[in-house]
């Protein structure tokens, strides 16, 4: 048991999927895992463990933003001995050719957050994915013909900006950043610190350059593709 998780250590699998929305964690448990059991209801941040293809898998809600992600990932690693964590979430594309419903495998995660700066005395730390998980995910995408992109994403502290998002993020776009989201850099930092495997698999829900938005039907189809990819990878 930890401060934010009421589970016993044996209740949580070594391999965990991380969903920002706890109701998405619930959906995954009910629709993709067999014999899923809820192990956490603290703060309604739901967590479940079940089996997929005979293997024990957990799925944990993490909330939005780097601080919330850090709390749950830290406790999963240090209190529950999780050794492989994959974030599954949505993002806004920064590139016209990375379209709605495409999958992004985050090879690295830049950030406009200062969260790591105190740790490294003001220097920049490069947040990167585990190569083995990244390679497995790419192989699955190629095998199934899933449209995908691999590259750097931006983990931002801002969901809303006072100016046009394209102008606000102009420099990031010019440097080839694939998309913006809010959690990956924190996950990759913890993975590096505690030597556990981490990967962020993202589905494009909006394109900030073209203005394209996913319909509810598009979101459902894309989510199923992402879930199958994440489960097969982990």
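Derivation of every value follows stated rules applied to the coordinates shown; laboratory data play no part. Model, not experiment: these values are computed from the prediction. FYI the Cβ positions are ideal-geometry reconstructions off the backbone, even for glycines, and counts take in every protein chain you see.
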Cα axis of helix 22-32 to longest principal axis of the chain: angle in degrees, 0 to 90, nearest 10?
70 degrees
Between the helical axis of 184-194 and the dominant principal axis of the chain, each derived from Cα atoms, what acute angle in degrees is found, rounded to the nearest 10?
50 degrees
Give or take rounding to whole Å, what are the principal axis extents of the alpha carbon atoms in segment 144-223, in descending order?
39, 34, 20
So for each of 33-42, 150-159 I average, over its residues, the number of other beta carbons within 10 Å; can you give me the resulting order with the highest mean first?
150-159, 33-42
Helix 66-78: inclination vs the chain longest Cα principal axis, degrees, rounded to 10, gives 30 degrees
Stokes-Einstein, Kirkwood over Cα pairs, segment 1-82, 20 °C, 1.002 mPa s; D in µm²/s equals 177 µm²/s
Compute and list, largest first, the equivalent-ellipsoid semi-axes of the chain from the alpha carbon gyration tensor, each √(5λ) rounded to a whole angstrom.
27, 21, 16
How would you classify segment 78-156 from its alpha-carbon gyration tensor, with a ≥ b ≥ c the square roots of the eigenvalues: rounded for a/c under 1.5, else prolate if a/b is greater than b/c, otherwise oblate?
oblate
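Please order 213, 4, 148 by the number of other Cβ within 10 Å, starting at the fewest.
Values: 213 12, 4 17, 148 22.
Fewest to most other Cβ atoms nearby, the residues stand as 213, 4, 148.
Sort the following peptides by mean Cβ neighbour count (other Cβ atoms within 10 Å, averaged over residues), highest first: 120-128, 171-179, 137-145.
On the way: 120-128: 12.7, 171-179: 17.0, 137-145: 14.7.
Top of the packing list down: 171-179, 137-145, 120-128.
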